[in-house]
Amino acid sequence: MLRRLSAAIGSLLFPRRCVACGEYLTKDMHGICVRCRYEIPLTNYWKMADNPVKERFAGIVPIAEGSALFFYAGHSLWRTLVHKFKYGGHWHIARTMGRWYGSELRSSGRYDDVDIVVPIPLHPVKMLRRGYNQSAYVAEGIAEAMGLSVVRGVVYRRRNNPSQARRHTAERWQNIEGLFGVRHPERLRDKHILLVDDVLTTGATMTEAIRSILEAAPECRISVATLAVTRHITPIR
Ligand SMILES: [Zn+2]
């Protein structure tokens, strides 16, 4: 009785609706309905030894594995979803998607030796303004599904750089030099780090974070997981 009552209250407070289309869910499938799961343009990169995300970093910084969950394209529902959790306060979507992604990474068997999950940090000023770091919620969802913990605060932003979105490729690269710092590198030593961000476009931000980590803790290994990736690869060299 009590359990049924608390479930009823729970569903009132957190109605089981699909985070993408808003349809009611008959049972919780990481908060995303069957139809949306079928329609989402998944990359399946996490199952491949070589894929366009890994290629984006090839010859620039060494990574062990790299993948993204879905393609960020056009004016799709999935693009709207990313905007919702990035700017619209819907951080729970980031965690829901992260959980789904984490279970895919886990079942692929390619990420079995990952030790810790590290989100790309926001600058404290941006964090205050937005109230949350969406990448940290993606990281939390992934870590939860993989049975790992999230390490925050070790990698931090030195500057509050303006958004990369409207910059040309060359400007993006100038804009990010020395962007990240690492505190307590001993917490990263000898670890296989899964570095998490929301969207991968040029890979410039991620590359700079990897460089900073490898400078501070050269013996660690790094893999990359972003929730979305642009379908067309913007050359980063
Ligand atoms: Zn749906």
Quick calc: nm separation of the 7 Å Cα→Cβ label points for L25 and M127 -> 2.8 nm
Once amide hydrogens are built 1.01 Å from N within the peptide plane, the residues lying 5 or more places from I40 or on another chain with amide H under 5 Å from its amide H are none
Computed ³J(HN,Hα) along region 48-62: with the Karplus parameters 6.51/-1.76/1.60, θ = phi - 60°, integer Hz and x for glycine or proline, the list is 10, 5, 10, 7, x, 5, 4, 5, 4, 9, 4, x, 10, 9, x
With x for Gly and Pro, the residue-by-residue ³J(HN,Hα) of region 137-152, computed from phi through the Karplus equation 6.51 cos²θ - 1.76 cosθ + 1.60 at θ = phi - 60° and given in whole Hz, is 6, 4, 4, 4, x, 4, 4, 4, 5, 9, x, 10, 10, 8, 9, 10
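Region 44-129: percent of C-alpha pairs farther apart than 16 Å? Working shown, then result.
Values: 2383 of 3655 pairs.
Considering region 44-129, 65 percent of its Cα-Cα pairs are separated by more than 16 Å.
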Counting only residues 5 or more apart in sequence or on a different chain, those whose built amide H sits under 5 Å from that of Y72 are V229, T230, R231
Amide H neighbours of L195 at under 5 Å, excluding residues fewer than 5 places away on the same chain, with H built from the backbone geometry, are V118, S223, V224, A225
Each label sits 7 Å from Cα toward the beta-carbon; between M48 and H92 the label points are separated, in nm, by 3.5 nm
Counting only protein heavy atoms with a 1.4 Å probe and every protein chain in place, the carbon and sulfur fraction of the accessible surface of region 172-217 in whole percent equals 39 percent
Summing +1 per Lys or Arg and -1 per Asp or Glu among the other residues with Cβ less than 13 Å from P41's Cβ gives +2
Region 189-212 and region 52-127 have their Cα centres apart by a whole-number Å value of 10 Å
Once phi for every residue in region 176-183 is put through the Karplus expression 6.51 cos²θ - 1.76 cosθ + 1.60 (θ = phi - 60°), the whole-Hz ³J(HN,Hα) values, with Gly and Pro written as x, are 9, 4, x, 5, 10, x, 10, 9
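The values are calculated or read from the model by the stated rules, or taken from the named source; none is laboratory data. Predicted model only: the values in this text are computed from it and were never measured. Heads up, the Cβs are rebuilt from the backbone with ideal geometry, glycines too, and the neighbour counts pull from every protein chain shown. Surface areas here come from the heavy atoms of the whole protein model, side chains and all, with no ligands, DNA or RNA. Shrake-Rupley method; radii C 1.70, N 1.55, O 1.52, S 1.80 Å.
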